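Below is one structure, written out as structure tokens, with a few remarks after it.
Just so you know, all these numbers are worked out from the coordinates, no wet-lab data involved. Worth saying up front: this structure is predicted, and the values here are computed from it rather than measured. Heads up, the Cβs are rebuilt from the backbone with ideal geometry, glycines too, and the neighbour counts pull from every protein chain shown.
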Amino acid sequence: MRDAVERIIEVLDYRGEPPAPRSWAPAEALIGATLPADYKALVDRTGPLVVDDLLCTYGPGVGNRVYDLAGLVRERDEAWTVFRSVGVDLPDRYFAEGNRLIAFAGVDAHYLYWHARPGVPADEWGVVVNDADVARWRDFDLSATESLYRLLRGDLAPEIFRDLFAAGRRYQVARFDEEADSE
């Protein structure tokens, strides 16, 4: 099962109302890719989230809002360009012609990415996690929502996320878009 939306909602004990509908088309146009349906379903149900002031999920935003997925993707794309320009060795399997890492969530300075590849439909993209100093890379044959569910249970890349998340833990959850809109 590649769609873990309901399991995430259960783990978070999320009881919020769905946000006002936002179109994904402008964000996907800016990103240059159609995004996986499971992740869009999660954000359509919960809105962009902040979990324990650690995990942030992003969605279609307006302008330069802090929860704007297209803005996050642009910032991460720019970071890869800077890393290359100063000689940081980035793994070819993610940056070879036609391959792309598309950020969708962050934990502190660590990011979760879709690994977009030629000929692979968006709903079949796996997830890549890399640590803040770009030294460790982990590939998962999981959807975005499956990876977020496993992260919240504490069993996704524990060497990167250490003890930040755990099964049975009670999380503080806020809608990112509401926090940003109230500022």
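Could you work out which residue, out of 154, 126, 98, moves most in a Gaussian network model of the chain, that is, has the largest mean-square fluctuation with Cα springs under 10 Å?
98
Along Cα→Cβ, 7 Å out, is where each label goes; now give me the distance between the ones at residue 141 and residue 163 in nm to one decimal.
According to this spin-label approximation, the distance is 3.3 nm.
From the list [x] 0.97; [y] 0.94; [z] 1.99, can you say which value of Rg/Rh (Cα atoms, Kirkwood Rh) was derived from the structure given?
[y]
Per-residue ellipticity at 222 nm for the chain, helices alone: DSSP H runs ≥ 4 residues times -39500 (n - 2.57), over residue total, nearest 500 deg cm²/dmol?
Details: 8 runs with 67 residues, N = 183.
Value at 222 nm, helices only: -10000 deg cm²/dmol.
Answer rounded, prolate or oblate for the stretch 48-110, using the Cα gyration tensor with square roots of eigenvalues a ≥ b ≥ c: rounded when a/c is under 1.5, else prolate when a/b is larger than b/c, else oblate. Can you show the working numbers first?
Numbers: a/c = 2.20, a/b = 1.82, b/c = 1.21.
It is prolate, given that a/c is not under 1.5 and a/b is the larger ratio.
Pairs of alpha-carbon atoms within less than 8 angstrom and 6+ residues apart define the contacts here; what relative contact order does the chain have, in percent? Each step should come with its number before you reach the end.
Numbers: 287 pairs, mean separation 45.3, N = 183.
Reported relative contact order: 25 percent.
Counting other C-beta atoms within 10 Å, which of 89, 123 has the fewest, and how do the rest follow? Don't skip to the answer; put the middle values down first.
Values: 89 8, 123 15.
Ascending Cβ contact count within 10 Å gives the list 89, 123.
Quick one: length gained pulling residue 14 to residue 95 fully straight, 0.36 nm per residue minus the C-alpha distance? Walk me through the intermediate numbers first.
On the way: separation 81, 0.36 × 81 = 29.16 nm, distance 3.61 nm.
So the extension gain works out to 25.5 nm.
Go ahead and run the numbers for FRET between residue 155 and residue 79, Cβ-Cβ distance against an R0 of 25 Å, rounding to 0.05. Before the final figure, lay out the partial values.
Working: r = 27 Å, r/R0 = 1.10.
With R0 = 25 Å, the Cβ-Cβ based efficiency is 0.35.
For 34, 145, which order do you get if you count the other beta carbons within 10 Å of each Cβ and list the fewest first?
Exposure proxy ranking, most exposed first: 34, 145.
On alpha carbon coordinates alone, what is the Rg over Rh value for the stretch 1-101, Rh being the Kirkwood radius?
1.01
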